[in-house]
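The values are calculated or read from the model by the stated rules, or taken from the named source; none is laboratory data. Bear in mind the structure is a predicted one, so any value in this text is a computation, not a measurement. Glycine gets a Cβ as well: all are built from the backbone with ideal geometry, and neighbour counts include every protein chain shown.
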Amino acid sequence: MNTPTRRTVLKGAGLAALATPLILRRNAWAQGKTIQMGIWGGVQGEYIRKTVIPPFEQEFGCRVLVEEGVTLSQLARMRATKDDPKYTVMFIDPLGIEIAKRENLIAPLPVASMSNLSNVYPRFILEDGYGVAFGVTAAGLFYNPAATSAPTSYADLWNPKYKKRLSMIGVRNTPSTFLVIAAAAVATGKPLKEAQYNVEAAWPKLAELKPNVLNLFESNAAAVFVAQGEADIGAIEYSQYIYPYTAKGASVDMAFPKEGAFAGHNCQVLVKNGPNGDIGAAFMNRMLDTKVQAGLAEVGLSAPSVGGITFAPGLAKMLPYPIEKVEAMGLFTPDAANINANRSAWIEKLNQIFVS
């Protein structure tokens, strides 16, 4: 029998190390740990669950548990667990980021652990570094090309030819705040950036719009209503909910008025004192990887927030991307603090005009 020598033992150990996957040794700090996240639903959530999370778990030897929801439910989850945080990463919109920051529910982005942040267009890092967009869409008007020409201004919504032919966003949906700002811009002649602080001018103008309103839509299927010819024009909706129908040949398309389009952001934040924040930072960094960003754009029609990605012409037409196109569209991000401070009053006013 051969007695093992120090040399043979070390040699065997070396071979064993070579047999261990490099990624597991590199990420040994994450082995066996778990994080819980709140993510979006729909095709984007499905892509993240099936395509992004499994390889991340394999690479880091960890578990990523997810719950789907919208911004209000994500905020409720963080509030309910504030004293004993359960979640590590949350997907919320810019309005939610402003609230979560103000309520001390989230931490600043862990810049040192998110190398992909250097590739993010600066305008998509929000609330002084407390949130970052990983998907960007544009909100504007949508219309049936078989029934009407493309509108060029928000003022076109008041055209008498659209009497009972306008499908309008429900008052509790975020784009209804965009409609208020757009109406203020039409009434005052001021750019959207200034009009958002002059909404008193919007109310009489919106009252004048009522004869044109056929219905208020609450679902993301508003495109179908217009495509089927039941209405000629719709306001205001995100392009990621309209273009999937356009891509399938439906008679519906987006129009981005001369006053500018409104930006919609799918964002991620790090929960303050959430479990295993280092894994959370790694996952947030992965969401900004160019391959993940390209995949999200292809399945969900939301544009990347990072530079350096090229898309086929058909897909590129539907995305506010790259940054030069964003600027050319006049993509406008409203003041989240202003909207949050006034949203309840705005909803009440909209209800009085269009629901009562």
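Laid out as a table, the results:
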| item | result |
| --- | --- |
| Selected residue (criterion: farthest from residue 267 (Cα to Cα)) from residues of the stretch 51-70 that are part of a loop (DSSP other than H, G, I, E, B) and more than 23 Å from the chain's Cα centre (by Cα) | 61 |
| Residue in the stretch 337-353 that is over 20 Å from residue 92 (Cβ atoms) and not in a helix (DSSP H, G or I) present | no |
| Members of the stretch 192-226 that are within 18 Å of residue 254 (Cβ to Cβ) and at pLDDT below 95 | 217, 219, 220, 221, 222, 223, 224, 225 |
| Hits in the stretch 290-332 - residues which are among the hydroxyl-bearing types (Ser, Thr, Tyr) and touching a Pro at 6+ places or on another chain (Cβ under 7 Å) | 321 |
| The listed residue being under 21 Å from residue 253 (Cα atoms), free of Cβ contacts under 8 Å to residues at least 12 places away in the same chain and surrounded by fewer than 22 Cβ atoms within 10 Å (Cβ to Cβ), out of 325, 291 | 325 |
| Scan of the stretch 128-142 for residues that are closer than 16 Å to residue 89 by Cβ and touching a residue at least 60 places away in the same chain (Cβ under 8 Å), ordered by number | 130, 131, 132, 133, 134, 135 |
| Matching helices (runs of 4 or more DSSP H) fully within the stretch 274-330 where at least 1 residues are over 19 Å from residue 89 (Cβ atoms) | 290-300, 313-316, 323-328 |
| Selected residue [modelled with pLDDT of 95 or more, under 23 Å from residue 258 (Cα atoms) and in contact with a Leu (Cβ under 9 Å, 6 or more places away or on another chain)] from 350, 315 | 315 |
